[in-house]
Every structure is written in C-alpha cells, then in structure tokens.
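Comments concern the structure below.
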Amino acid sequence: MVSKKIITEHKNGADNIIASRQATNQSNLEEDSAVWKLIAHQSLAVEKTHNKKNEIVWKCRDKGIDTPTRRHATSVINTIHSRIAKHIDYRGIPSEEAITFEHIKKMATIYLEADEWLQIDYCRDATRQALDEDVQIEMLRVYTGLDVDKPKNGEYTVANGDIQNKKDVKDKKFARSVDAIVPSIEAYGFLKYSGPVGSVTSVHQVGESKSFIQEAKKYCDKHDNEKLFFVQVDGVAGEEHLYEMSKSIGEHHRRIFAGNSENVIKWLKNKAAISG
C-alpha cells in the first residue's frame, strides 16, 4: 500500500497537513474499495482465529493474491468485523462469535453500493496514519536542505535532564519522545498538529509541547553542550500558544525554540549557517 500522500507545496504547515490528509484519504478510498471488491466478489480463502487475548482475528490466507494485498485484505476484514460487532443486536446476530465471513462480505457489498459521496467515511482515516508528522518532517527537509531523521517512537526521549531510550527512563511521567532529529546541528524536535480549538485532544497536545520545553530546559541546565531543541507546532489551537511557549523558554532561547513549521525552518537554517 502506498496510500500516504505528502504535500509540501505550501509554506504554511497546517495547509500542507490538511492537503495531505485530503489526498491521502482519496488514495485510501481507491485502495480500500479495490479490497472491498475482492471481499465481496471473490471466494477468498480466510481463517477465523483468536489471539492471545482470546479476541477474534481474521486472516486472509488466499495464495492467489500477492502478499501486500493479503495483508491489506486481512486488515480490512478485521475492521469490518469490528464495525459489525458494535451493533450485533441491531443486526440480528446473537454474538460476536456468530459473525461469519458472509456477514463481512455483505458489509463490503454495502460499501460498494453506497453513494460515492459517502464511501470516503468507510475507508481508512488519514488522521490515524501518523501522517501529520511525516508532512512536517518533509517540510523541514525540503525547505532547509538538511537531512532530517525520524527516529522510532521512544528511541530518543528527553527526560530528567538527559536524552535516552524511553525504556531506560526511570520516571516516565514527563518524558517526551523526540519526533525528528537534524544530525548536522544536533537538533532534537517535538512535532505536533493541533487543529480545532477547544477539543480535548488539542489541549492535551499543547500540554505535551510545553512539557517537552520544560524537559529540554532541564537538559540544557545539566549539559553545557551544543545540542538544540525545537517544538514545531502547526494548527490554530497549537499556534495560539506559541507566544507563551516562547516566553517559557526564557534564558535558554539560544538552544531551544518553539514555532510553526515556517518559523522552525528559518531557525534551523540560521543555526546551520552559524555552525557551518
């Protein structure tokens, strides 16, 4: 599957994220609808099993299709199963165990027969594909010309005045994973997109950004070196807090920065020019 679409044509990070989400959702629909057709119209070889938690798991075992398509079909089949299971009483099914592949085929057929205007709501959602960070990182690469790495979650964590793997952090309460690294200038970034103002998610994300700044300050107090830290926040709900984030950085402004993508790009380019 190659559904992720990364758009960086705008200077504004939020605009790129929104455009990338829309393009990715369209790609998701094209890919998922092809799998719906497989499920609805072909006699797929499937297996119904249970995982270690005794939860029902479907697996596509059809060797007549390639491995990536089998994996995609497995994912879609399990998603459809979970959607059916939410309302088994309404659908006249006695229990989740009683859900058969025929039920899943019926749902896939209903998806295909739905109006195109509605089908987009049945496919994978771009907001659940870690797309936003990918867009922000690609913007850094495109507009700074620098190499930017995306470490695995928890591989680098700023906590208690140190940078270490999250599994080695004793007190994880305020630990914040690093989302992006610019190796040439040793800059560690925390990336967030916070769209709608007032949602529980946006408030939580702003809090995480502020926490990263506090942990970065602890590191700077403990280590007198050239490592840099930045918080890259896009979206209305996040950007409206950038002033207070910048103010909280205080005397550490030489090594820590908070801004939207456009401002972070300028800051990184400036730091690269100084170090070069």
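The values are calculated or read from the model by the stated rules, or taken from the named source; none is laboratory data. Remember, it's a predicted structure, so these values are computed and weren't measured experimentally. All Cβ positions, glycine included, derive from the backbone under ideal geometry; neighbour counts span all protein chains shown.
Descriptive notes on the structure:
- Extreme residue, surrounded by the most Cβ atoms within 10 Å (Cβ to Cβ), among residues of the range 173-198 that are part of a loop (DSSP other than H, G, I, E, B) and among the β-branched types (Val, Ile, Thr): 178
- The one condition in (1) closer than 22 Å to residue 9 by Cα; (2) in a helix (DSSP H, G or I) that residue 146 fails to fulfil: (2)
- A single member of 113, 55, 96, 102 is among the acidic types (Asp, Glu) and in contact with a strand residue (DSSP E or B) (Cβ under 9 Å, 6 or more places away or on another chain), and it is 96.
- Matching entry among 67, 127, 144 (being modelled with pLDDT of 95 or more and under 25 Å from residue 3 (Cβ atoms)): 67
- Residue in the range 69-82 that is surrounded by 13 or more Cβ atoms within 10 Å (Cβ to Cβ) and in a loop (DSSP other than H, G, I, E, B) present: no
- Single residue of 229, 257 found to be assigned to a strand (DSSP E or B) and without any contact (Cβ under 8 Å) to a residue 40 or more places away in the chain: 257
- For residue 63, the conditions (1) surrounded by 10 or more Cβ atoms within 10 Å (Cβ to Cβ); (2) part of a loop (DSSP other than H, G, I, E, B) are fulfilled apart from (1).
- Scan of the range 107-119 for residues that are surrounded by fewer than 16 Cβ atoms within 10 Å (Cβ to Cβ) and either touching a residue at least 24 places away in the same chain (Cβ under 8 Å) or more than 18 Å from residue 26 (Cα to Cα) (or both), ordered by number: 109, 110, 112
- Of all the criteria given as (1) among the charged types (D, E, K, R); (2) at pLDDT below 95; (3) more than 26 Å from the chain's Cα centre (by Cα), the one not satisfied by residue 255 is (2).
- Remark: residue 90 matches the filter, which requires a residue to be free of Cβ contacts under 8 Å to residues at least 12 places away in the same chain and assigned by TED's automatic domain parsing to the domain that holds residue 28.
- Unique match (being surrounded by fewer than 20 Cβ atoms within 10 Å (Cβ to Cβ), touching a residue at least 40 places away in the same chain (Cβ under 8 Å) and not aliphatic (A, V, I, L, M)) among 247, 222, 271: 222
- Taken together, the residues in the range 148-177 that are modelled with pLDDT under 90 and aromatic (Phe, Trp, Tyr) amount to 1.
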